[in-house]
Each structure stands twice: as C-alpha cells, then as structure tokens.
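*Asks:* Dumping the structure here so I can ask a few things about it.
The values are calculated or read from the model by the stated rules, or taken from the named source; none is laboratory data. Since the model is a prediction, treat every value here as computed from it, not as a measurement. Cβ atoms come from the backbone with ideal geometry, glycine included; neighbour counts cover every protein chain shown. Only protein heavy atoms, including side chains, enter the accessible area calculation; ligands, DNA and RNA are left aside. Shrake-Rupley method; radii C 1.70, N 1.55, O 1.52, S 1.80 Å.
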Amino acid sequence: MLQRVRAQLRQVSAQMARRPVLCCGAILLICALILPITLTCGREKAVVALARAPGRFFPADGPVLDLFLGQLEEAHVLREEADVSVVFYYAPWCAHCLTAQRVLQQVALRLTAQVQFVAVNCWWHQGRCRKQKNFFQYPVIHLYYWRFGPIEYRGPVQSEYLESFILRVSTPLTYLPTSRALHTFLTHQQQGVVGYFQFNSSPQPAGYISFLLSALHALRRDHQGAVRFAVVTNQAVAEGVSLREDESVYLHRHLNSSLVFPRAQRNLTAQAVCDWVFENRESVVHWIQPTGAKSYSLEAELQKGPALLTFLPHNPLSANQLLNQVTDVALRYHSCGSEDGVSSVPRCCQSLLASGAEASVCELCVSHCWALSVCVEHVQLSSAPCRSVQGSYSPFSQISVCCRSVPRPIPGSIPGSIPGSIPGSIPGSIPVSITDSITGLQCRTNNTLRFYMLDATLHWTLAQRLGATNHSGRPFITIINLRDETHYVLKHTDSLEDFIQNFSVSFSPLHRHLVGHKQHQHTQSLIQEVTSDSFLDTVMDSQRDVLLLYYSTWCGFCSLLNHVFLQLARLFQGNGALTVARVNVGRNDLPWEFMVDHLPSVLLFPRHRKQMSVKFPENTPMTVPNLLRFVLQHTSHAPWEESGSGAESASLLGAELHRLLREVSGRQEGKCEAS
C-alpha cells in the first residue's frame, strides 16, 4: 500500500516538474480561496454580552432595605445591629419572589418599628451572596433573634402567617405575672412549657438564657409554633404547677401526667430542653399544609389511619372560636383518664381563682361546658353544694364552678336559630350535642381518629375535591378512611360529636360521600353522560333499558370505543326504550355495588329487572354487531317496540343490522382467503 502511494506521489511530482505554470496557478487558486474564508471567520469573534447590572427589587423609600448587588457582608452587619431581623433572599426572575415581595412589604409596613427587614439579591453572579449561598429554591426567608439564627420560615407566603411567625420569634417567651395568667396560658394552649427563674442574683440567669434559646430552637424545628413557652418569676405563681426550685421547667399535658425537666439526668441546655419537650409532648390536633390538591405530606398522614379533616378560615393573628370547639372535642375524645374510658376531669366544671370567683363567673364562657351551653348567657349555676373545692381537678387554689345542662331547643322554636344548634351560639359555628358520649371514645373503639386542621382559604381546592360546595365561612369537616377508600362529610345540621360517634360504632349509619363532576349538557347528545348525582336516577329507571359504558380519561382504549358507541346510539336514536350512557369513574364516585374491576366495561341494566344486570363478555370484541347482539339477547322486548314509528324504526334497524352482518361475514371470508 505504501509503495503504491509513493509511486503516485512520484508521478504527480513528475507532472508538476513538466508543467510549472499549471502548478503555480493551482497554488494561487487555493490561496485565493483560503484567504477570504480566513478573513470572514476572523471577524466573528466569540463575544458574550455582559449581564446588565441588577436594579432594585424593592422601592428605595420602602421599609425593606434592598441589597440588590448581593452585599452579604452588609446584611450581616445590619442584622447584628438589630434585635430581630428578617433577611429575604430572592432571585429577580422568580415568580414566587414577586408574590412574596408584596407580602413582605405589607408585613414590613406594620412591623418596621420592631424588626429590621433586609432583602438580598442572591442571583447576581458578582455578588457575595451568590458565591457563598447554595439555595436550591427561592425565596428563602431567614429570621434572626439577636445573634441566634437563622430560623427559616417554611410556612405559607401570606401576610398573616408571616407576621404571626415574626411576632413569635420577636417574643419567644410569654411572661406570666399572676396565677390567673398562668391558668389562662395552660388552658388555651394545646402544648405549653413553663419555666421558673429567679432574677434576684443576676439580671439574666444562665438557665433563663438556655430556656430562651430552647424556645427559639422549637420555632426552628416547628415553624407553626405549636409549642408555646412561658416564664414565671414569682414563687407563689410557680407553686401552682408544683415548681419550687429555681431554673425548673414544666411541660403541661392535657391527657397524660405533666412532667418536670429532669435536672438530675440531663443538663439544662437549650438543645436538651427542646429535645425533651418534643419527645414528651402530646399532639391532639395537627395543622398540615399540603401543597396543591395532591400532596405526599397529606398522603403520609392519611396512611396512619382514619383522619378527621377540618377546613376552616384561619387567621393566626386572631382567636378562632371554631378552632377552640374542635380542639375541645379532640381533647375529650382522647380523654381516657379512668378505667371505664371516662375522663377523671369533671365534665362541666371550670376552675376560677378563689379571690375573684364571684366577679369572674359571669365573664367566663365555661370551656368544658360549650357542648352543653355555648355562651355564658345560658350558663346556669347550680346549687351551692356544686360549688365545692375540687382538689383533683386543678393544682391551683381555686374553686370549681359547675353548670347544669341546658335542654336542646326544638328547631324553629327560636327565630333565627340554626337547626340542631344551641341558642346563643355563634353564627357559622359547629352544631353541638347535649350528650357527652364522646369523652374517652378513643379507648372504646377500633376506628381511632386523628384530628387535622387545614386553612380553608389556602386549601379550598382540596376541600372541593372532597365534597365542599360553597365557601360561606362555615367549617367543612370530613372523615377519610384511606384503607377502606371511603370518606364521610359532616352535614350542617349534625353535631360533630354525633358525627364522630356514628363513625366509631361497629355498624356505622353514615353514608359514604360520593364526589362527582358536575356535567352541564346544553345540547341533546346521543350518549347520555352520567355523574354521581344522576347515576341512580338514570341507571335505575324501571321504564328503560340502560347500556352503560365505564370509562376514564386516562384509559387510552376507552377513547377508541367512542365511535363504536356513537354508531350504536344512532341505531337506537328516537326510541324511548333504551338509553345509551357512559360514566367517567375517574371523576365520579359510584356506590360499591355498581363498580367494575377494569376499564373499559359495559353493563346492561334491563328495565323491570335492574338487579339482573349483565356484563358484556370480556373475551368478546367490542364492535357494533356484538354490542347490538348483546342488547337484543338480554332485553325481553325489541327496543323499537315503544318507538313512535315502530314499523319504520324496525325496518331501518333490521336493514342496518343486515348490513353490519354482511360486513362482518365479508371480513371473515377475506381473512380465510388470505390464510
């Protein structure tokens, strides 16, 4: 091979030596072609335009200091100078940041005198923030209390939620100066932690600093702030919860025995106190915030067992009477203090300070009596013997005020009253029951419920998927049993206690709620679309045979059958004996007895014999002749007998049937010849 190449090169060189003019011309031609190409390509240099300098994301005259060049060092200096600071890391192109920008400005306008608000552009490539921070999403909101932080906010980007969280970080501890304040704190807080510290020897004892930091650690771990921390400095007040030693921490629990931090086994450090609180706390009502209508966090909670979901309009900055009602029901549901399942706490008593008992009775809406008489106007004090000291009820030096049950009013007896509710109740509240069979029900049933709260404003789409109709401010309550694939909805006229009691019994009288898609048919269709609401009226019509197709939008083969059913519907068009219908089982729940095991499926419900429904054979192709033969075989009359023009319809139908049979026979003969 090499010898051949060398021989060819010798021949070319010999020819070039014989004709030097031709050789020089070829060389000049090649150079003339290469030179323009080189000059043209050399002009187009690889130039990358520099990014434009970023502009302000927040107004210059606003309450938020915008470090739009990513000056992270300046942000550190600003937060060290402020008692409480909020640092907002953003990317200018992010749509979520644009939404959070308006929310942050609203909160900053209200809290600018207490909190330092700083915004940092963490997307500018020349800024220090982009080089030092590795954020995977935007925006990121960090809070700092003095030099403690960061405490990341992971809640909804709503002004009320963000402001509530900032206020909790600003005041992580609640000061309780009196026994009444202590009692109010323990009564209204689902999970309360009280620390007792003496400030005689030092303005800020070491134990107090650790307790303060433990409250901040708890907010870092739980952004919803379910656990509240309070401090007591008066020894007489601290003795109300059996705290007699300095630097003692008390964990209050409603259902189990309250605990005192074991100083002998653990050191009083911030992390140790926080871990001890979260290890021993009791959660009766859980707040969840699923993202969208489908969420893995919600599914994880529903996998734990039956769940009672309460959708209510919630503002974390104000008290919510509906939330207190549901929390009270949950506490009584889990109260298994005695062997028979009945709580040892008196059902209709509330402790009051002995010194001001007479003055405070009329001002109090008895928390354990709301199920008997919702408002204080209907609380009736019983005789003097009932107002005796209840030592087992409260650790305070107080007396217990008892109230008698108010009889349930007859609906309609009081103008403007809600049926099934108590006179004087708050409009939009949950109807309550006179009976108290729910107390300790958790210990007497196998269908143990878990209570969850959701903000109806944020998660109304999920509530609508579960059966909520209108957003009128009333709470929407449902019980979901994921194992049985059922859920039940509380009616406005029923009480929450009866709803839970009916679910807990062995043979529940509750009816499974069927969620269906509202179908609006403005034009007459050959195939009737059936929903959950119209299913029974359509299918169980005793005067008509019903051929029903079960399908779903995600079923690809179901869409191929549309033209087959349209042809079949044209054959029976105009007669009143047979209805061709279909139901989307992906968007419409049906009673269990009418469900099918696979899609697509076709069922025929004969008239006068609905209990003898027939399923189209699975091994038979779904063609028009086969479906027509299936209908004629399982109906006791000809579908055209009751038509307005019987003979004409029968002749047309017979001709169409013969044409289809000839078509099928021709195809079968063609297959035999090909084989």
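*Asks:* Listed residues GLN289, GLN224, GLN265, GLN271; which is open to solvent by 70 Å² or more (accessible area, probe 1.4 Å) and assigned to a loop (DSSP other than H, G, I, E, B)? Before the answer, list the steps.
*Replies:* Details: GLN289 fails: open to solvent by 70 Å² or more (accessible area, probe 1.4 Å); GLN224 fails: open to solvent by 70 Å² or more (accessible area, probe 1.4 Å); GLN271 fails: assigned to a loop (DSSP other than H, G, I, E, B).
After applying the criteria, what remains is GLN265.
*Asks:* Given the structure, is PHE199 free of Cβ contacts under 8 Å to residues at least 60 places away in the same chain and hydrophobic (A, V, I, L, M, F, W, C)? If you could, list the steps in order and put the result at the bottom.
*Replies:* Numbers: free of Cβ contacts under 8 Å to residues at least 60 places away in the same chain: yes; hydrophobic (A, V, I, L, M, F, W, C): yes.
Criteria met by PHE199.
*Asks:* Hey, among the residues in the range 319-335 that are part of a loop (DSSP other than H, G, I, E, B) and touching a helix residue (DSSP H, G or I) at 6+ places or on another chain (Cβ under 9 Å), which one's least open to solvent (accessible area, probe 1.4 Å)?
*Replies:* Initially, the range 319-335 is screened for residues part of a loop (DSSP other than H, G, I, E, B), giving 319-320, 335.
Restricting the remaining residues to those that are touching a helix residue (DSSP H, G or I) at 6+ places or on another chain (Cβ under 9 Å) gives 319, 335.
Details: ALA319: 101, SER335: 22 Å².
Selected residue: SER335.
*Asks:* Could you give every pair whose Cβ atoms fall below 7 Å, whose first residue belongs to the range 202-217 and is at negative phi, and whose second residue is loosely packed, with under 13 Cβ neighbours inside 10 Å and in a loop (DSSP other than H, G, I, E, B), counting only separations of at least 6 or pairs across chains?
*Replies:* Pairs found: PRO205/PHE199.
*Asks:* Among the residues of the range 197-220, are any among the aliphatic types (A, V, I, L, M), touching an Asp or Glu at 6+ places or on another chain (Cβ under 9 Å), farther than 23 Å from GLN325 by Cα and open to solvent by 20 Å² or more (accessible area, probe 1.4 Å)? Outline the logic, then answer.
*Replies:* Initially, the range 197-220 is screened for residues among the aliphatic types (A, V, I, L, M), giving 206, 209, 212-213, 215-216, 218-219.
Okay, now just the ones that are also touching an Asp or Glu at 6+ places or on another chain (Cβ under 9 Å), so 206.
Next, from what is left, pick out any that are farther than 23 Å from GLN325 by Cα: 206.
Cutting the leftovers down to open to solvent by 20 Å² or more (accessible area, probe 1.4 Å) gives us 206.
There is at least one residue in the range 197-220 that is among the aliphatic types (A, V, I, L, M), touching an Asp or Glu at 6+ places or on another chain (Cβ under 9 Å), farther than 23 Å from GLN325 by Cα and open to solvent by 20 Å² or more (accessible area, probe 1.4 Å).
*Asks:* As an exercise: evaluate LEU627 against (1) at pLDDT 85 or above; (2) outside any helix (DSSP H, G or I); (3) of a type in the set (A, V, I, L, M, F, W, C) and give the number of the one condition it does not meet.
*Replies:* Failing condition for LEU627: (2).
*Asks:* Out of the residues in the range 63-108 meeting the condition of being among the hydrophobic types (A, V, I, L, M, F, W, C), over 26 Å from the mean Cα position of the chain (by Cα) and part of a strand (DSSP E or B), tell me which one is farthest from TRP123 (Cα to Cα). Even if it seems obvious, please write down each step before you answer.
*Replies:* Let us first name the residues in the range 63-108 that are among the hydrophobic types (A, V, I, L, M, F, W, C), namely 64-65, 67-69, 72, 75, 77-78, 82, 84, 86-88, 91, 93-95, 97-98, 100, 103-104, 107-108.
The next check asks that each one be over 26 Å from the mean Cα position of the chain (by Cα); those that pass are 64-65, 67-69, 72, 75, 77-78, 82, 84, 86-87, 91, 93, 108.
Imposing the further condition that a residue be part of a strand (DSSP E or B) reduces the set to 65, 67, 84, 86-87.
On the way: LEU65: 17, LEU67: 12, VAL84: 25, VAL86: 19, VAL87: 15 Å.
My answer is VAL84.
*Asks:* Here's something else I'd like to know. Tell me, which residue of the range 528-568 that is within 13 Å of ALA581 (Cα to Cα) and among the acidic types (Asp, Glu) is surrounded by the fewest Cβ atoms within 10 Å (Cβ to Cβ)?
*Replies:* ASP537
*Asks:* Quick one: count up the residues across the range 539-558 that are polar (S, T, N, Q) and touching a strand residue (DSSP E or B) at 6+ places or on another chain (Cβ under 8 Å).
*Replies:* In the first step, residues of the range 539-558 are kept if they are polar (S, T, N, Q); the result is 542-543, 552-553.
Now drop any that are not touching a strand residue (DSSP E or B) at 6+ places or on another chain (Cβ under 8 Å), which leaves 552-553.
Residues in the range 539-558 being polar (S, T, N, Q) and touching a strand residue (DSSP E or B) at 6+ places or on another chain (Cβ under 8 Å): 2 in total.
*Asks:* Next up: Under 7 Å between Cβ atoms, which residue pairs at least 6 apart in sequence (or on different chains) link something in the range 574-588 that is closer than 24 Å to HIS598 by Cα and among the polar types (S, T, N, Q) with a partner that is surrounded by fewer than 20 Cβ atoms within 10 Å (Cβ to Cβ) and modelled with pLDDT under 80?
*Replies:* ASN584/HIS517; ASN588/GLY516; ASN588/HIS517
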